[in-house]
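Following: one structure in structure tokens, then a few remarks.
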Amino acid sequence: MMTYIMKNEMTFKRPYLTLIGLEIITLLFVSTGAAITEITKMSNPIAPFMGFIPLALLLIFYFTIKNRWGTFYFHSLRKLSVREWVLYTPLLFFLILLVIFNEGVSIQSFSYLVLLSLGIMTNAFVEESVFRGLMLKILLPKGEIKAIIISSLFFGIGHFAQAFQNPSFSIFIQVFYALLIGLVLALLVIQTQSIIIPIIFHFLHNLLQYTGRIVSDVATIRMTDIILIAFLIIYIIGLLMFRKKKISSHSHSSVTIDR
């Protein structure tokens, strides 16, 4: 495994400038897609994700031509250990909480669900590939923790762009929420060396958000935010403790072998 990773390592002379460039390009495509949708008054369920489609095609082209799928953590799930699968289980509980807080799901029609799912999957693939694939890999030479934090900050900043469309306190909660999810997924990618489950979770999370019933009670919304944010913080702490224990165990094993 280590040999495979070493062969796929990438180094960038100006990593932070590269990250800023990726962030700007992503926001530019998404904003352009949103503008086109607004101007043309498109009502198709895939319309909100128009900006992600060309980005997805560009990423697929780059990963394929450069043979970089493995470099950016697109590894088979069959390589995951039982312990690594266990690390993912809180994601399932988190999705169950979303269903409960959204009071179930509301689907207009099967065709609507299919088109919406295609748009959301495109969104999930692009965001995970950019923030947990490209950015995380670019920053790894600076250290794992720094890579996890900075890539997650860029993920949060990307969601902050919505503040220009709907400035309110809830936007700041959404940005913090996105930051925490970014930290969780980045930690999982570093731990499991696979981005597949984060993409699936991202897809299901956004699908539940789009198909959930509208809750108008402010107190209920705030309580939901608090519970979900608390869940994510506890999850992050648990992943960090697991990571620290694994590193400590590995170091102890190395010392024992040297003796």
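Every number here is computed from the coordinates shown, using simple stated rules; none is lab data. Everything numeric here is computed off the predicted structure, so don't read it as measured data. Note that each Cβ is placed from the backbone with ideal geometry, even for glycine, and that neighbours are counted across all protein chains shown.
This model, with +1 at the C-beta of Lys and Arg and -1 at the C-beta of Asp and Glu, gives the chain a dipole about its Cα centre of some 960 debye. Treating the angle as unsigned and between 0 and 90°, give the value, to the nearest 10°, between the Cα long axis of helix 218-258 and the longest Cα principal axis of the chain. Helix 218-258 sits roughly 10 degrees off the main axis of the chain. Amide hydrogen proximity for Gly51: with H placed 1.01 Å from N in the peptide plane, the residues at 5 or more positions away or on another chain lying under 5 Å are Gly33, Ala34.
A Stokes-Einstein calculation at 20 °C with viscosity 1.002 mPa s, built on the Kirkwood radius of the chain over Cα pairs, returns a diffusion coefficient of 109 µm²/s.
Taken along the Cα-to-beta-carbon direction at a fixed 7 Å, the label points for Ser170 and Ile214 span 1.0 nm.
Specify which residue in the list Phe110, Ile236, Ala56 is farthest towards the positive end of the charge dipole of the chain, using unit charges on the beta carbon of Lys, Arg (+1) and Asp, Glu (-1), about the Cα centre. Sorting the options by dipole projection puts first Ile236.
Bridging of Lys142 to lysines at a Cα separation below 27 Å is possible for Lys7, Lys13, Lys66, Lys79, Lys244, Lys245, Lys246, once same-chain residues fewer than 8 apart are set aside.
Computed from the C-beta positions of Phe242 and Phe110, the FRET efficiency with R₀ = 45 Å rounds to 0.65. Residues Ser216, Ser151, Ser129, ranked from the fewest to the most other C-beta atoms within 10 Å, line up as Ser216, Ser129, Ser151.
For Gly212, the residues 5 or more places off, or on other chains, whose built amide H falls under 5 Å of its own are Ser106. Between Ile25 and Ile96, the modelled labels are 4.1 nm apart [label points 7 Å from Cα along Cα→Cβ]. Per-residue Karplus couplings for the range 50-57, computed as 6.51 cos²θ - 1.76 cosθ + 1.60 with θ equal to phi - 60°, are listed in order as 4, x, 7, 4, x, 5, 4, 5 Hz, Gly and Pro entered as x. Only Cα pairs under 8 Å and 6+ residues apart enter the sum, and on that basis the relative contact order of the chain stands at 24 percent.
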